[in-house]
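In what follows, a structure is listed as structure tokens, so that the remarks can point back to it.
The values are calculated or read from the model by the stated rules, or taken from the named source; none is laboratory data. Owing to the predicted nature of the structure, the values given are computational and were not obtained by experimental measurement. FYI the Cβ positions are ideal-geometry reconstructions off the backbone, even for glycines, and counts take in every protein chain you see. Surface accessibility is based on the protein's heavy atoms, side chains included, excluding ligands, DNA and RNA. Shrake-Rupley method; radii C 1.70, N 1.55, O 1.52, S 1.80 Å.
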Amino acid sequence: MAEQYWQKELETAPRAEIEALQLKRLKETVEREYAKVPIYRERMDSTGVRPEDIKTLDDIRRLPFTVKQDLRDTYPYGMFAVDMKDVVRLHASSGTTGKQIVVGYTANDLSVWANLIARQLTAAGIGKDDFMQVAFGYGLFTGGLGLHDGAQLVGTTVIPISTGNTARQLTVLKDFGATAICCTPSYAMYLAESAEAAGIVGDLKLRAGIFGAEPWTEEMRRQIEAKLHIKAYDIYGLTEVMGPGVSYECSCQKGMHVNEDHFIVEIIDPDTCEPVPDGEYGEIVYTSLTKEAFPVIRYRTRDIGMITREPCACGRTFARMSKPRGRTDDMLIIRGVNVFPSQIETVLINLGYAPNYQIIVDRVNNLDTFEVRVEISDENFDDSVAALAAREKKITEAMRSLLGIGPKITLVNPRSIARSEGKAKRVIDLRKLTD
């Protein structure tokens with residue numbers, strides 16, 4: 001284990017010390033944002049808030065929120081807080097839901113980022129004796145290079161394979177002796193299926209996986225662990241705040257530790273924007289405290305989660321956030337019922353199906369239609385009409401029990417739903433094309 005990144009004195013500090021450090025860094029960040037970033041200065045002026053008004057951590061509530069549209073409106077460099085000559089790397093979102101957002105890093109930002117990833121790997125027991133296959137995308141996506149730099153810092157041997165070419169991924173996993181892998185959880189499931197089909201699971205040396213970049217359920221975690229014979233760890237981050245490494249799981253896996261010396265996390269009611277108590281679900285909001293090139297204040301992530309500040313059994317005192325249960329912009333409202341893809345996934349896995357599904361929502365004669373296509377595995381494939389009808393009825397009833405609404409279930413052939421080497425495409429909402 002890379003003991004130098006188990007920063008015990010800091011990670012187990014009393015809450016009062018953590019919060020004192022956060023307040024100091026929050027004041028510095030607000031002062032710099034006000035001086036350097038026009039959109040923050042204008043919004044603070046319009047609400048009558050000055051940097052000197054931030055006297056306690058609770059005063060963060062006086063500051064304006066930041067949303068993704070702000071980053072698009074100031075594209076590409078309008079929210080940078082340093083001169084471009086000090087920016088040594090740029091990353092960007094995919095832009096699949098609108099204009100991509102661009103973020104930057106100074107040399108110190110990259111050093112901090114690598115340190116945060118190193119903490120995560122250390123908490124998962126990954127160190128100098130490990131070989132880690134990085135199957136997150138490299139390039140403008142933050143995942144690949146983020147994990148790469150942190151792994152190098154702890155002395156792990158990095159296999160920078162990036163995404164794609166599943167057959168090659170499996171060959172390298174086996175031949176190079178990878179002991180850890182990082183990728184999206186949906187791609188980990190696909191790799192597990194492919195390894196099973198190739199009959200090589202027993203030949204792999206994998207013992208740990210670091211997965212993130214999309215919501216995934218505890219049921220999916222158990223499937224990945226069982227199929228690949230590993231322990232699966234969650235990692236959380238987003239391009240707008242830093243990239244992966246904002247929070248992470250330790251071996252206790254009772255929530256993800258927020259790196260509170262570098263970020264402040266809030267949970268708010270997404271409708272009223274008021275804070276909710278610890279232990280209750282709401283929208284996750286992050287403020288960066290040490291980012292130089294691209295700091296953000298109260299960034300609304302749209303992820304739904306909760307936090308606890310109770311000390312963890314591992315000894316860490318940093319606040320822990322739950323695995324996000326979904327996103328406010330992923331939530332479907334179907335005939336007045338709120339539906340999250342994670343709820344669909346939970347039902348399917350509990351009934352013995354792999355998490356290979358697709359949700360199709362449409363509107364016919366002003367009435368929402370709701371279909372879930374579910375893949376049957378090779379092991380339980382049975383194309384008889386009676387068997388399919390019985391299975392579809394059972395899934396519909398289970399979903400109606402959980403959701404209060406019963407979708408049309410369509411069972412489809414094994415491997416007929418397209419796999420993704422990045423983030424899985426779970427929802428097709430055709431209503432957006434007709435509204």
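A few notes on this one:
- Between the helical axis of 107-123 and the longest alpha-carbon principal axis of the chain there is an angle of about 50 degrees.
- For segment 97-200, a crude dipole built from +1 on the beta carbon of Lys and Arg and -1 on the beta carbon of Asp and Glu, taken about the Cα centre, is about 180 debye to the nearest 20.
- Working ranking of peptides 288-294, 52-58, 370-376 by packing, defined as the average number of other Cβ atoms within 10 Å per residue, highest first, is 288-294, 370-376, 52-58.
- To the nearest ten degrees, helix 385-403 and the longest principal axis of the Cα atoms of the chain are 30 degrees apart.
- Listed residue pairs exceeding 29 Å between alpha carbons, taken from LYS231/LYS425; LYS55/LYS291; LYS36/LYS425; LYS205/LYS254; LYS174/LYS423; LYS68/LYS394: LYS36/LYS425; LYS68/LYS394
- Each of ALA424, VAL82, PHE65 was placed along the dipole of the chain (beta-carbon charges, centred on the mean Cα), and the one lying farthest toward the positive end is ALA424.
- Within the accessible area of the chain (1.4 Å probe), percent carbon and sulfur: 50 percent
- Once the Cα atoms are used to define both axes, helix 218-228 deviates from the longest principal axis of the chain by about 70 degrees.
- Dividing the helix sum by the residues of the chain, where each DSSP H run of 4 or more adds -39500 (n - 2.57), gives a mean residue ellipticity at 222 nm of -10000 deg cm²/dmol.
- Cut-off 15 Å between beta-carbons: net charge of the residues surrounding ALA389, Lys and Arg +1, Asp and Glu -1: 0
- If you take the Cα centroid of segment 52-106 and the Cα centroid of segment 257-320, the two points sit 17 Å apart.
- Each Lys or Arg adds one and each Asp or Glu takes one away; over the other residues whose Cβ falls under 13 Å from the Cβ of VAL265, this sums to -3.
- Value of relative contact order over the chain, rounded to a whole percent, pairs C-alpha under 8 Å and six or more apart: 14 percent
- Rolling a 1.4 Å probe over the heavy atoms of the protein chains gives segment 332-429 an accessible area of 52 Å² per residue.
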